[in-house]
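The values are calculated or read from the model by the stated rules, or taken from the named source; none is laboratory data. What you see is a predicted model; the values in this text were computed from it and never measured. Here the Cβ positions follow ideal geometry from the backbone for every residue, glycine too, while neighbour counts run over all protein chains shown.
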Amino acid sequence: MARTVLVTGGNRGIGLAIAQAFAKQGDRVAVTHRGSGAPDGLFGVECDITDSAAVDAAFAEVEKELGPVEVLVANAGITDDTLLLRMSEEQFTRVLDTNLTGSFRVAKRASSKMLRAKWGRIIFISSVVGLYGGPGQVNYAASKAGLVGMARSITRELGSRNITANVVAPGFIDTEMTDVLSDTRKAEILKSIPAGRLAAPDEVAQAVVFLAGDGAAYISGAVVPVDGGLGMGH
Ligand code: NDP
């Protein structure tokens, strides 16, 4: 059965791969962007997830065109890395406001319609760094770890209404976010990944599509790693 799917930050990177995977299986897919427009074949809505009014307007537009959002993928995220002693409070709160509060804003907006429909899937894109930690990533890791508590609390609140909330924790994925890493840092990272390689964005998308499907109805509050073994045990 075709569903209405909204992927935040679905205009590029991992979000785009997720949006394309849902579109390929015949779902109605909307993506948010911040002015770049929508990729071919996807319905785009302009939205900055740090702005509640913009989030509300984007959902209203999707609802009008494609119907209520049944599958929400909270994927939009940023990094602003630096060591703890050099990190300004502004750098900390800006990353939290996008990655964690932004996910809260979209999950809250989606959940009222999911409750009415008595069906919904919420998938948060976290990171291996959320539970493993990362030097220079106090802000980013805190924001990504927070998504685990959020998904598990939503599971406890809405689990009896056929609504699941899960976390996908990617390791190192080949996108613009990892392009900025130096070759030395990339070589160091590769040494610690049992799979010995970075992943393609579509390998994250496949896990997300699975969690959104009927076969995953009894999986909620889970943290699903897509990290080639990097974060094992965390
Ligand atoms: P990219 O940097 O390639 O893309 C980030 C996306 O988030 C873009 O679509 C961007 O929109 C959007 N975005 C950022 N801030 C906002 C905002 N305030 N409002 C709306 N949209 C926003 O990142 P990736 O594709 O690599 O990452 C996607 C997700 O996966 C992120 O949450 C990231 O933390 C996570 N992740 C990535 C990993 C990796 O190795 N790449 C590993 C683990 C997790 P715009 O185009 O307008 O800038």
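Some values worked out for this structure:
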{"quantity": "G67 being buried (at least 19 other Cβ atoms within 10 Å of the Cβ) and at pLDDT 95 or above", "calculated": "no"}
{"quantity": "Near pairs, Cβ below 6 angstrom, 6+ apart or cross-chain, from segment 23-36 (assigned to a loop (DSSP other than H, G, I, E, B)) to any residue that is within 14 Å of the ligand (Cβ to nearest atom)", "calculated": "R34/D48; S36/N11"}
{"quantity": "G171 being among the small types (G, A, S) and surrounded by 20 or more Cβ atoms within 10 Å (Cβ to Cβ)", "calculated": "yes"}
{"quantity": "Unmet criterion (only one of (1) at pLDDT 95 or above; (2) farther than 22 Å from A151 by Cα; (3) buried (at least 17 other Cβ atoms within 10 Å of the Cβ)) for R109", "calculated": "(2)"}
{"quantity": "Search result, residues across segment 142-167 that are surrounded by 23 or more Cβ atoms within 10 Å (Cβ to Cβ) and either among the small types (G, A, S) or closer than 16 Å to T101 by Cα (or both)", "calculated": "S143, K144, L147, A151, I154, A165, V167"}
{"quantity": "Condition check for T79: within 17 Å of R34 (Cβ to Cβ) and within 19 Å of the chain's Cα centre (by Cα)", "calculated": "yes"}
{"quantity": "Cross-chain or 6+ apart pairs with Cβ under 8 Å, segment 1-12 first and closer than 17 Å to F124 by Cα, then among the hydroxyl-bearing types (S, T, Y) and at pLDDT below 95", "calculated": "N11/S36; R12/S36; R12/T175"}
